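Student: Would you mind keeping the following structure in view while I ask a few things?
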Amino acid sequence: MVVVPPSTLAIRNITKTYPGGTQALRGVSLSLRAGIVHGLVGANGAGKSTLIKIIAGAERPTTGELVWLGRSTDWRRPADAQSAGVAVVHQQSPVVPALSVLENVYLGNETTGLWKPQDRISEFAALCERVAFEIDPHTIVAELSVGDRQMVSILRALAQNPALILLDEPTASISPAERAGVLGAARSLAAAGVAVVFVSHFLNEVMQICDEVSVLRDGQLVDEFDRDGMSVERMVAGIVGSRLHAVEAVKPTHDIGEVVLDVRELQSTGMNSPVSLQVRRGEIVGIAGLLGSGRTSLLKAIFGADHRVGGEVVVNGHPLSASPQAGVAGGLALVPEDRMSQGLIGDWEIWRNTSLADSRELSRRFRILDVARERLLASRARRELGIVAPSIDTLVKDLSGGNAQKVVFAKWIYKTHHVLLLDEPTAGVDVAGKADLIKLIRDLAERGIGILVVLSEFEELLSLVDRVVVLRHGAIETEFSADAVSVADLTASVGGLA
Ligand SMILES: Nc1ncnc2c1ncn2[C@@H]1O[C@H](COP(=O)(O)OP(=O)(O)OP(=O)(O)O)[C@@H](O)[C@H]1O
Ligand SMILES: [Mg+2]
């Protein structure tokens, strides 16, 4: 006999219409139970975060009912849900960089007025043990990797001793190596009897840790299944519906021209040894490496954002001095990994965000915008990147996480002339959106732009690039033609096993 544990939270026929008219949820019902990891998947803008916010008391449903431990509830603010036993790790987790790990974990969680983080050291150690995570509680959060910051957010949620924990894309911007820790944490929480909701665009992770899955599409629950019925294909079918247009398996052949980016013996503070590499017009070159191998540092050094110690960066025959302004002026663009912190202004419309100049310096110099041109560009970006929004006048704060990321992407890619440096361009973007992005990057190469791209998903990387450079300990180790290397070989190579 299968024993079905009772619901921790039953969600009944929830709808949500935002002021402005967007119908984010249209009659969603599902049940979250103790000890179960419930996967929530869907395209960018499908309504996942909206559902999470409603459960967490941060948004109120337009109609429908939440039943908590058998009782109908009406949470008016996050504190109501929190005191009932709901903890949430939001898509963009607000850790405070200037505070220590310990202070972050107990922030806003103080029970008495006279409280010192020090008193919580043993409690903190117990929390860490629950999720098999080791960290010095006194470390300042600013010094942590994105993955460790995510673990701090999880510890902070855990410190509330919740009956239900909501994880909204906890692994979107961390490396595959770090994901294992977060995934393990989700499983051990369920094992301890917590009900867990896990939102992710990484369907293999959902396969790995979820006991059951709900698929949202355009605000509706279109499929649900447990482990028996679970497969990546079924999830993809539910997520994209008729939107499926897979990336062509065979790479289109394209012309590769003369060298457009020539990096000569480049040395910077973030790199261990001088790096030389070249990218040709129309060529897509990948950088593969583990976390800490220097991938982001290399892109920053080329762009001029890291302190240059020696060497040269030559774009189209012209040596560039080491500053982002010189990089932009010389025809370089960098789409950084940490896109949400790269100057998106929530209270501004999409079009005004995409037209933000590439650096603060530039925006000071060119204050006058050609509005018609910028709006045209934003319309093109919305179409080509599939940004889901009523119009280019939608405020960025009203966009879903993945769609906001596409806006930042748009802001950079339409301004480059020669070379595009991309750091994890598909993070946080849904399966169909990934296909759109890959196609767009290929089109840009087709137009003669040289592209240097960091991508942690090796399968995706190899499907995109012509050549891949392996980075290890801040130095170039070797390089492969993309046709001549398998995912397994590349994995071995970045780990120093080949
Ligand atoms: N505060 C808001 N005001 C108006 N519309 C909103 C607001 N928040 C979200 N929306 C809209 O509601 C819809 C659902 O957004 P939601 O953030 O729930 O998507 P999501 O499934 O989490 O997507 P992603 O995978 O990109 O994070 C989108 O069309 C979004 O633009
Ligand atoms: Mg979201």
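Student: Considering Cα pairs under 8 angstrom that are at least six residues apart, work out the relative contact order of the chain and quote it in whole percent.
Tutor: 16
Student: State the dimensionless ratio Rg/Rh of the chain (Rg: radius of gyration of Cα atoms; Rh: Kirkwood radius).
Tutor: Here the Rg-to-Rh quotient is 0.97.
Student: Sticking with this one: Could I get the Rg over Rh figure for segment 369-440? Both from C-alpha atoms, Rh via Kirkwood, rounded to two places.
Tutor: Rg/Rh for segment 369-440 comes to 0.95.
Student: Which of the lysines could a cross-linker bridge to residue 48, judged by Cα under 19 Å and excluding same-chain residues fewer than eight apart?
Tutor: Qualifying lysines at Cα under 19 Å: 16, 397, 406, 434.
Student: At 222 nm, what value in deg cm²/dmol follows for the chain if DSSP H runs of at least 4 each add -39500 (n - 2.57) and the sum is divided by all its residues, to the nearest 500?
Tutor: Counting only the DSSP helices, I get -9500 deg cm²/dmol.
Student: If you don't mind, there's one more thing I want to ask. Using only the Cα atoms of segment 7-242, build the gyration tensor, take square roots of its eigenvalues as a ≥ b ≥ c, and label the shape rounded, prolate or oblate: rounded if a/c is under 1.5, else prolate if a/b is larger than b/c, else oblate.
Tutor: prolate
Student: Against the longest alpha carbon principal axis of the chain, how many degrees, from 0 to 90 and to the nearest 10, is the axis of helix 371-385 turned?
Tutor: Taking Cα atoms only, the helix is inclined about 70 degrees.
Student: Now, a different point. In the chain, what % of DSSP beta bridges are antiparallel (nearest 5)?
Tutor: Antiparallel bridges: around 55 percent, rounded to the nearest 5.
Student: Measure of size requested: the Rg and Dmax of segment 259-494, with Cα atoms as the atom set and Å as the unit; please supply both.
Tutor: Every Cα atom of segment 259-494 included, Rg and Dmax give 17.3, 51 Å.
Student: Measure nothing fancy, just the Cα-based angle from helix 431-446's long axis to the longest principal axis of the chain, in degrees from 0 to 90, nearest 10.
Tutor: Tilt of helix 431-446: around 10 degrees.
Student: Please list, in order along segment 221-236, the HN-Hα scalar couplings obtained from phi with the Karplus expression 6.51 cos²θ - 1.76 cosθ + 1.60 (θ = phi - 60°), rounded to whole Hz, x for Gly and Pro.
Tutor: Here the 3J(HN,Hα) series is 7, 9, 7, 8, 7, 9, 3, 4, x, 7, 7, 4, 4, 5, 5, 4 Hz.
Student: In terms of the Cα gyration tensor, with a ≥ b ≥ c the square roots of its eigenvalues, is segment 411-494 rounded because a/c is under 1.5, prolate because a/b exceeds b/c, or oblate?
Tutor: prolate
Student: Could you order peptides 461-469, 438-446, 220-228, 282-290 by the average number of other Cβ atoms within 10 Å of their residues, highest first?
Tutor: Those peptides, ordered most packed to least, come out 282-290, 461-469, 438-446, 220-228.
Student: With a 1.4 Å probe and every protein chain left in place, work out the accessible area per residue of the chain in Å², rounded to a whole number.
Tutor: Using a 1.4 Å probe on heavy atoms only, each residue of the chain averages 43 Å².
The values are calculated or read from the model by the stated rules, or taken from the named source; none is laboratory data. Owing to the predicted nature of the structure, the values given are computational and were not obtained by experimental measurement. Heads up, the Cβs are rebuilt from the backbone with ideal geometry, glycines too, and the neighbour counts pull from every protein chain shown. Ligands, DNA and RNA are stripped out before the accessible areas are found, and what is left, the full protein with its side chains, is counted by its heavy atoms. Shrake-Rupley method; radii C 1.70, N 1.55, O 1.52, S 1.80 Å.
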